[in-house]
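Every number here is computed from the coordinates shown, using simple stated rules; none is lab data. Model, not experiment: these values are computed from the prediction. Cβ sites come from the backbone with ideal geometry, for glycine too, and all protein chains shown count toward neighbours.
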Amino acid sequence: MKTSVPNQFINQPNNDLLFRKSLNLMMKRLLLLLVFTLFSVGLNAQVNLRTSGTPRVMEVKAFISALKASETNLRQANPASARLEHLLNDLQPAVYVSSGNVQKEGGDNPTSLYTDAASLNDVATATIDKQGIECVTIRINSAADLNRSLDLSVFSGFQNLKYVYIISTVDTTESVITRLVKNNSSQLGVFYKIDKGA
């Protein structure tokens, strides 16, 4: 008796099975590639927000919106945007540095530091607890302050610093504020608000 070995390229039922298996495998690989691509896009949005070649100074609402958009793509459990909004809007322990004077308010372990453009250099020599500071607010109070550079290297000892918020009470533009900021670390989120009534 002679046995016949079917040829997979000629035998149609086996041929369908062969293509069906590779189609399933291809669909799985395509789905995996799609998931990886979407994850990379979300990760890239967050990286671009902070670590582009020249860190961008953005308006505060635009900065928070961009942060929220990157979190939506990453589906983070503890969003940084909520923490930032808490730091900007809610009462918490803070340190105020003005003209060489240091004033602590709201308790121990401050999370915010407030200063003005004229007192910015005093921050480096001030005796303050730098460990817990997450957000620094710098006020521009006069037209003369628009001629001072805001050298962010004074915050090099602030290990947990994430954000620098610049509030201008005088009329100015984004390009002027961007020009004022010097030594902007790619690890810091720098944003501004022009509020003439503040």
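If I model a spin label at residue 151 and residue 98 as a point 7 Å from the Cα along the Cα→Cβ vector, what separation in nanometres do I get?
Going from the residue 151 label point to the residue 98 one covers 2.4 nm.
Among rounded, prolate and oblate, which fits the range 52-194 when a ≥ b ≥ c are the square roots of the eigenvalues of its C-alpha gyration tensor, a/c under 1.5 means rounded, and a/b larger than b/c means prolate?
oblate
Report relative contact order for the range 119-198 in percent, whole number only (criteria: Cα-Cα under 8 Å, sequence separation at least 6).
34 percent.
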